[in-house]
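Structure record follows, encoded as C-alpha cells.
What follows is calculated from the coordinates using simple rules that are stated; it is not laboratory data. This one's a predicted model, so the numbers in the text were calculated from it and none came from an experiment. Note that we place each Cβ from the backbone using ideal geometry, even for glycine, and neighbour counts take in every protein chain shown.
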Amino acid sequence: MAVMESARAWSREEAAAAGMVVAWHAAQAPDRPAIVSEAGNRSYGELNARANRLVRALRRAGLKAGDAVALLCSNRPEFVETVVACQRGGFRLTPVNWHLKGTEVAYIVDNCEAKAFIADARFPASAAEAAGKAKGVVAKLAVGGTLPGFTAYDVAVEAEEGGDIADPVLGTQMMYTSGTTGHPKGVYRKQAAPVSPLLLKLTETAAFRAGDLALVTGPLYHAAPLALNMSFPLNAGVGCVLMDKWDAEETLRLVAEYRITHTHVVPTMLHRMLQLPETTKAKYDTSSLRWILHGAAPCPAHVKEGAIAWFGPVVFEYYAATEGGGIFVDSHEWPQKKGTVGKPLPGVVVEVHDEDGKPVKPNEVGTIYFKAPDSGRFEYFKAPEKTEGAYRGDFYTMGDMGFIDADGFLFLTGRSAEVIISGGVNIYPAEIDQEILKHPAVADAAAVGVPNEEWGEEVKLVVELNEGYRPDDAMARELLDFAAANLPGYQRPRSVDFMQELPRMPSGKVLRRTIRDRYWQGDRKI
C-alpha cells in the first residue's frame, strides 16, 4: 500500500490547470453520479479515487510525465478512469479504435510510443498482436477479464492508495485519424492549443445545471464522443450514462429512464430514431432533453427538420475535426439557411480555395480551409510529409468540399474524393482499394462514396477487371464476399460496378473524383 499523500483544497481554476477538475467536483459532491454503465457505476468520489490509484500504478511501473498510454477499451468505467488519470498524471493518452485490424492496433500502440497499454479483454486478438509488436511498453493492464501477459487492471489499481496525488501534471491526448494512404496518423501538438471558440460556444449553449445527465451514444475512442459527450459534461460536474452499443429505441428508453438532458449524436442516429414507429416513439418521454449536439457528417435537411419538430429547438450542429475547426448553428438560425453547418465562431477564420489555392467567390465550391492558430498548431506525429500536405501556408484542410454564401454561412457539398463519411465514420478508400486489389480478377479498383439516405454515404466499389473475367452479377457477389472476408464491417462495399477502364491522370493516378461525381450528379450506374 502506497504512503498516503497529503490532500489539497483546490480552487476550480487551479484544478483545471492541473488536470484535477474531477477531484474538485469529488470534493464538492463525492456521491454525485459520474458514470452509469452496464459494466458498473462510479460516483465522483469513486472515479476520483480510482484515477488516483491508476496514476500511482502507472508511476510504479516506471511511467513519468510526458509518457504515452495507449487505451483499447469499450465504453465502460475503466475507459473514463484512464482518461481522468492521464489528465492528472501528465501522460499522453491515445485511445485506439477497437474496430481496426490487429495490425493497425499494433501500429498505433507502437507509433505513439506507448509506455503503458491498457486493453479490454473483449478484444484478445488485437490486444495480443499489439502487445507482441509494440516496442517500449513496460506496463500492460487487462480490463474486464484476463489477457496473457497482462496484469489485471483491478489488481494493479486496488494495490494503490486513492487519495489525491500531491504533484499532478496536466496531461494531453493524441488521437489518431486515418490517412487516405498508409497508416493512421497521430494528431500531435507540441504545446497546448488556445481555448477553442467551439468549446466556449458549447459551454454557453449547454448551460449545465445541477441534476443534469449526459448520454454517451458513440464509442469513446472517437474524438467527438470522448471530448464533447464525455469529458465536456464530466468536467462540468455532469454525470454520463454510457451506451455500450447504440440502438435507436434504447436511446429513447435511456433518455426517459435517466431524464437525460444532454447528448451528442451523428445524423444517422437521428434518422434511425425518426424512422421508429410512432407508437414506439410515443412510449418514451424525451422532454428532459435540452441539448442535442450533432456533427461528424452532413445532416440531410429532412432529418434535421424532423429532429427539430420532434425534440424542439434544442438541436445544435457543429463542424470541426480532431485537427481543429469551429463552425456552429442552432435550431433557430438553421431553418433560415437550410442545409448549412453554420457560421465560423469568433476567432475562427475559414476560406474556400480552388485547386490553385486561391480563395473563391461566395457560393463557389472548393476545398474548405481553416486558419491555424499562431500557437498550438497540430502536426502529424513523426510524419512531417503528411503534416506538410495538410497545410497551405497558415491554413489547413480536413479534405471537405463546400461553399460559403454571401451571408457567411458554410455549406458542405460532400467530401473530397479521398474520404467517405458513412454514419459519421470516416472511411478512407485507399485502404479498401489495397485489399480488393489482392483479388486475382481485379486489375484496378476505386472505392467511392455514393448517396445513401440513411447513412449519408455508402461505399461502392468500381472495378476494372483483368482480361478473362466477366463483369457480371456473379463476379460482383464474389468481390463483395472477398471484401467481407478481408475488411472490417464499416469499410465493406455495399455494391459493385464495373468499368472497362478507370479514368486516370497522365501520371497514371486514378481520377477517383471523376468516378464519384457521376453518382452525385444523378447517374447511378457508370
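General observations
- Net length gained if the chain between LYS135 and ASP481 were fully extended (0.36 nm per residue, minus Cα distance): 121.0 nm
- Residues LEU170 and ASN41, FRET efficiency given R0 of 25 Å [Cβ-Cβ distance, rounded to 0.05]: 0.40
- Once C-alpha pairs closer than 8 Å and six or more residues apart are averaged by separation and normalised to the residue number of the chain, the relative contact order reads 11 percent.
- Taking amide H atoms as placed 1.01 Å from N in the peptide plane, the amide H of CYS240 lies under 5 Å from those of ILE35, VAL36, ALA214, each 5 or more residues away in sequence or on another chain.
- Each part reduced to its alpha carbon centroid, segment 370-396 and segment 304-368 end up 22 Å apart.
- Checking the Cα-Cα distances for LYS115/LYS190; LYS101/LYS245; LYS304/LYS361; LYS201/LYS358 against a 21 Å cut-off, the pairs over it are LYS304/LYS361; LYS201/LYS358.
- Helix-only mean residue ellipticity at 222 nm for the chain, each DSSP H run of n ≥ 4 adding -39500 (n - 2.57), per residue, nearest 500: -8500 deg cm²/dmol
- Whole-angstrom Cα spans of segment 12-139 along principal axes, big to small: 44, 32, 21
- MET401, MET499, MET273 arranged by Cβ crowding within 10 Å, fewest neighbours leading: MET499, MET401, MET273
- Chain lengthening between ASP517 and GLU249 when straightened (0.36 nm per residue, less Cα-Cα): 92.9 nm
- Taking amide H positions as modeled 1.01 Å from N, with prolines and chain starts lacking one, the residues under 5 Å from MET499 and 5 or more places away or on another chain are VAL463, GLU464, LEU465.
- Long-range HN-HN contacts of ALA152 with modeled amide H, under 5 Å: ALA142
- The phi-based Karplus calculation (6.51 cos²θ - 1.76 cosθ + 1.60; θ = phi - 60°) puts the 3J(HN,Hα) values of segment 309-314 at 5, 7, 8, x, x, 10 Hz, whole numbers, x for Gly and Pro.
- Dividing the mean sequence gap of close Cα pairs (under 8 Å, 6+ apart) by how many residues segment 197-415 holds gives a relative contact order of 14 percent.
- Between ARG12 and GLU364, the simple spin-label model (points 7 angstrom out along Cα→Cβ) gives 4.8 nm.
- Contour excess over end-to-end distance, with Cα ends at THR146 and ASP285 and 0.36 nm allotted per residue: 46.0 nm
- Footprinting exposure proxy for THR146, THR263, THR172 (fewest neighbouring C-beta atoms within 10 Å first): THR146, THR172, THR263
- Ranking of VAL80, VAL138 by neighbouring Cβ atoms within 10 Å, starting from the fewest: VAL138, VAL80.
- Segment 25-144 - percent relative contact order, Cα under 8 Å, separation 6 or more: 23
- In sequence order, calculated HN-Hα J values of segment 88-104 (Karplus, 6.51, -1.76, 1.60; Hz; x Gly/Pro): 9, x, x, 8, 9, 8, 10, x, 10, 5, 7, 7, 5, 5, x, 5, 6
- Fraction of alpha-carbon pairs over 34 Å apart in the chain - percent: 40
- Paramagnetic reach from ALA236 (point 7 Å along Cα→Cβ, amide N under 15 Å) across segment 8-45: none
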